[in-house]
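For reference, the structure is listed below as structure tokens.
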There are 2 protein chains.
Amino acid sequence: MKLRFLGTGDAAQVPVFGCDCPACVRTSVISSHIRRSSCCTIESQGQRLLIDAGIENLAGYLTANPVDSILLTHFHVDHVQGLFPMRWGKGPEIKVHCPDDKQGCADLYKHHGMLNFMPIQKQFEPFKVGDFTVIAVPLRHSKQTLGYCVESEGVKLAYMTDTKGFPDKTLDFLMQWQPDTLVIDASYPPTTSQHSDGKNYNHNSIDEVEAILDLFISARVKVPKMWLTHISHKLDCYLMENQHFINPSLNIASDGLTIDILPQEIPRHIGQQRLMAAE
Amino acid sequence: MKLRFLGTGDAAQVPVFGCDCPACVRTSVISSHIRRSSCCTIESQGQRLLIDAGIENLAGYLTANPVDSILLTHFHVDHVQGLFPMRWGKGPEIKVHCPDDKQGCADLYKHHGMLNFMPIQKQFEPFKVGDFTVIAVPLRHSKQTLGYCVESEGVKLAYMTDTKGFPDKTLDFLMQWQPDTLVIDASYPPTTSQHSDGKNYNHNSIDEVEAILDLFISARVKVPKMWLTHISHKLDCYLMENQHFINPSLNIASDGLTIDILPQEIPRHIGQQRLMAAE
């Protein structure tokens, strides 16, 4: 299974309009540091899903890279804005699996065009999207939001944004499900850093993500490869100064990056302990 | 006064996602035929206004081409979508003159960021936006919509989209105000043409725009220079086959085109008749 990040920024994107911070200015010199809003594709066995639709030129991208279905985490504008023009397209309908959020966003329900919105009724229960097995889990955000646990080709991806921490039952599920890769909302620098404005009610700061990583380690289960996304210009500024000091297990996503979802092994000492316990 | 068209397409834009019509295919060869959603700037005496915000990379455009204020015709997504990321920008607030539409679009009111929405309370009454004199007039559309009559440097521009025809009092006003240039919604081919699907409840077809031109001519007033915008791929297809047969007084806008708003004269025979009547 491959994951391609298309948008790894927050609602403001990077560069932020009118901002002259080092992270925003950097994008004018090195365009690979531009971050558009949330969007990625996952691909396996010749099938491709889109998760969220935050990139605005989505129609152009999908013309060259068609997808079979869409998974929407939630109906905040920065996760759906690429659907606005694209929905008026020609061709067979595209299924959009999404939270059962009666409001949706703007007039997407009223004028759904070629999109077929399919609200997910049952959380924590697997359903098939093509050959992918998908489980939707609730996240902790200011609007009804789902994370997606996707399995294919024997590997497991958990895509968890937007969220601040996890509801207990979602954390319990993840510990038991044991993803190989965990893509997670990390919008802000540590709350104690000079780059923080202390306003992180709806998203994780990078130290909160590190605490989640520690939970996996201390639970003595498989530790997923962590990829950080939904990154603000404030976190980028922090990373420009502190990249070498952050936990090397935290990987920073970037727009256009493709990663392989690879099986992670249970750490050897834990595996040995389990073997001994079983004997 | 100069007007620069930035987006001259409808909500679906041109190319339409997944469409293989001649107009959509043409854009892959000649990118100047791409039409994004409604947006333009007008410029006079060193001041610049934005009318509508349909282009999605608005923040990038405004970074290079700052505007003093924004006029919004209405809150359909394809007229405001560029504001979604841009509102989170840095810098002084930007005033957005708009219809007094309590709903707005998505969460633009709730999270207005750097935008200051200023609902227009009085139609048909002039107000100043910088050195521009602006008069808002009601249009005929599926959502509360305003046309803008803008005067500066002794010339008059009427920007009238989205609309199907005009409310009587708006038409009466335009006949009396006598714009030099009329930018008008022309989304569809003639309803009698093979390119029409007969569904033009909210926008003009090109023959309806021609009928409006005829009203100005028969009213024996100054005939404005007409520019057609909000153009769908269906009208583009029609124009590819019929451009040489349409009324030469109807000019077709395109993305990126800059036009001068020039004073139009009252046709000589009418002017002479008026002189004779006055003698």
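The values are calculated or read from the model by the stated rules, or taken from the named source; none is laboratory data. All of these numbers come straight from a predicted model, not from anything done at the bench. So basically every Cβ, Gly included, is an ideal-geometry build from the backbone, and we count neighbours across all protein chains shown. Heavy atoms of the whole protein, side chains included, go into the accessibility calculation; ligands, DNA and RNA do not. Shrake-Rupley method; radii C 1.70, N 1.55, O 1.52, S 1.80 Å.
Do we have B:Val137 as over 29 Å from A:Val77 (Cα atoms), open to solvent by less than 60 Å² (accessible area, probe 1.4 Å) and in contact (Cβ under 8 Å) with a residue 60 or more places away in the chain here?
Working: over 29 Å from A:Val77 (Cα atoms): yes; open to solvent by less than 60 Å² (accessible area, probe 1.4 Å): yes; in contact (Cβ under 8 Å) with a residue 60 or more places away in the chain: no.
The answer is no for B:Val137.
In the range A:63-77, what residues are more than 7 Å from chain B (Cβ to nearest Cβ) and in contact (Cβ under 8 Å) with a residue 12 or more places away in the chain?
Residues satisfying the conditions are A:Asn65, A:Pro66, A:Val67, A:Asp68, A:Ser69, A:Ile70, A:Leu71, A:Leu72, A:Thr73, A:His74, A:Phe75, A:His76.
For B:Ser37, only one of the following conditions fails: (1) touching a Gly at 6+ places or on another chain (Cβ under 9 Å); (2) surrounded by fewer than 24 Cβ atoms within 10 Å (Cβ to Cβ); (3) within 11 Å of chain A (Cβ to nearest Cβ). What is its number?
Unmet condition: (2).
Quick check: is even one residue across the range A:7-27 surrounded by 21 or more Cβ atoms within 10 Å (Cβ to Cβ), charged (D, E, K, R) and modelled with pLDDT of 95 or more?
yes
Failed condition for B:Ala53, given (1) among the small types (Gly, Ala, Ser); (2) within 11 Å of another protein chain (Cβ to nearest Cβ); (3) closer than 26 Å to A:Asp107 by Cβ, with all others met?
(2)
For the subset of the range B:97-110 comprising residues that are touching a residue at least 12 places away in the same chain (Cβ under 8 Å) and under 24 Å from A:Leu83 (Cβ atoms), which member is farthest from the other protein chains (Cβ to nearest Cβ)? Explain how you work it out, then say what you get.
Quick first cut of the range B:97-110, residues touching a residue at least 12 places away in the same chain (Cβ under 8 Å) only: B:97-101, B:103-106, B:108.
Retained after the next criterion (residues that are under 24 Å from A:Leu83 (Cβ atoms)): B:98, B:101, B:103-106, B:108.
Details: B:Cys98: 16, B:Asp101: 13, B:Gln103: 10, B:Gly104: 10, B:Cys105: 6, B:Ala106: 4, B:Leu108: 9 Å.
Step by step, filter the range B:97-110, then rank; the result is B:Cys98.
Within 14 Å of chain B (Cβ to nearest Cβ), in contact (Cβ under 8 Å) with a residue 12 or more places away in the chain, small (Gly, Ala, Ser) and touching an Asp or Glu at 6+ places or on another chain (Cβ under 8 Å): which single residue out of A:Gly113, A:Gly82, A:Gly89 fits that description? Write out each step before concluding.
Working: A:Gly113 fails: touching an Asp or Glu at 6+ places or on another chain (Cβ under 8 Å); A:Gly89 fails: touching an Asp or Glu at 6+ places or on another chain (Cβ under 8 Å).
Exactly one of A:Gly113, A:Gly82, A:Gly89 is within 14 Å of chain B (Cβ to nearest Cβ), in contact (Cβ under 8 Å) with a residue 12 or more places away in the chain, small (Gly, Ala, Ser) and touching an Asp or Glu at 6+ places or on another chain (Cβ under 8 Å), namely A:Gly82.
Is one or more of the residues making up the range B:10-27 more than 19 Å from B:Ala186 (Cα to Cα) and polar (S, T, N, Q)?
Checking the range B:10-27: at least one residue is more than 19 Å from B:Ala186 (Cα to Cα) and polar (S, T, N, Q).
Tell me which residues, restricted to the range B:23-38, are of a type in the set (Lys, Arg) and within 12 Å of B:Ile231 (Cβ to Cβ). Walk me through how you get there before you give the answer.
Filtering the range B:23-38 down to residues of a type in the set (Lys, Arg) leaves B:26, B:35-36.
Matches in the range B:23-38: B:Arg35, B:Arg36.
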